[in-house]
Amino acid sequence: MRDRGFTLAEVLVALMVFSTAAIGLAHLVNETTANARHTRSLALAGIEADNRLVEAVTSPEVLRAGSMSGQSEQRGQSFEWVRQIEVREPEGLAGIRVIVSDATTGQQLAMRDTLVKVAP
């Protein structure tokens, strides 16, 4: 009479295959979460850069040559930003550049550039 169970070798092979798949799946979940977090940071930094650019364009008192920096928070994430304005008198234009970085790591996440016509 023959037993209808699995041998020890078969169980070990099945366990090894399952473990390999589980480790791969855990790594995939970890990478997906990290990518989603980074994508969220990029999107929020872009919003912050757009906000600082609009602030410079719409506020005449802000639209002066020079550099300004500060810190801000978007949805719980801290950012550092730098706004540089260069006025070009002969053309009547002002070049505005906004750079937004992660406040924790210092990594640059967004940059926006524009030209604005300034009043003489």
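The values are calculated or read from the model by the stated rules, or taken from the named source; none is laboratory data. What you see is a predicted model, and the numbers here were worked out from it, not measured in a lab. Cβ coordinates were reconstructed from backbone atoms using ideal geometry, including for glycine residues, and neighbour counts include every protein chain displayed.
Would you say A34 is more than 22 Å from G76 (Cα to Cα), among the small types (G, A, S) and out of contact with any Cys (no Cβ under 8 Å at 6 or more places or on another chain)?
no
When you look at V62, is it part of a loop (DSSP other than H, G, I, E, B), touching a helix residue (DSSP H, G or I) at 6+ places or on another chain (Cβ under 8 Å) and either of a type in the set (A, V, I, L, M, F, W, C) or surrounded by 14 or more Cβ atoms within 10 Å (Cβ to Cβ) (or both), yes or no?
Yes, satisfied.
How do the pairs read when you match residues in region 104-120 that are surrounded by 10 or more Cβ atoms within 10 Å (Cβ to Cβ) and assigned to a strand (DSSP E or B) with residues anywhere that are acidic (D, E) and modelled with pLDDT under 90, using Cβ under 6 Å and keeping only pairs 6 or more apart or on different chains?
none
Select, from A45, A36, the only residue that is part of a helix (DSSP H, G or I) and touching a residue at least 24 places away in the same chain (Cβ under 8 Å).
None of the other options fit; the residue is A45.
Can you tell me which residues in region 93-103 are more than 12 Å from the chain's Cα centre (by Cα) and either among the hydroxyl-bearing types (S, T, Y) or over 13 Å from E48 (Cβ atoms) (or both)?
Selection gives L93, A94, G95, I96, R97.
Given (1) without any contact (Cβ under 8 Å) to a residue 40 or more places away in the chain; (2) under 17 Å from R97 (Cα atoms); (3) of a type in the set (D, E), where does D50 come up short, assuming only one miss?
Condition (1) is where D50 drops out.
Filter region 79-95 down to residues that are modelled with pLDDT under 95 and among the β-branched types (V, I, T) and give me whichever is surrounded by the fewest Cβ atoms within 10 Å (Cβ to Cβ).
That would be V87.
Considering only residues of region 65-92 that are over 18 Å from the mean Cα position of the chain (by Cα) and not in a strand (DSSP E or B), which is nearest to Q108 (Cα to Cα)?
My answer is A65.
Working only within region 8-47, note down all residues that are polar (S, T, N, Q) and surrounded by fewer than 11 Cβ atoms within 10 Å (Cβ to Cβ).
Matches in region 8-47: S19, T20, N30, T32, T33, N35, T39.
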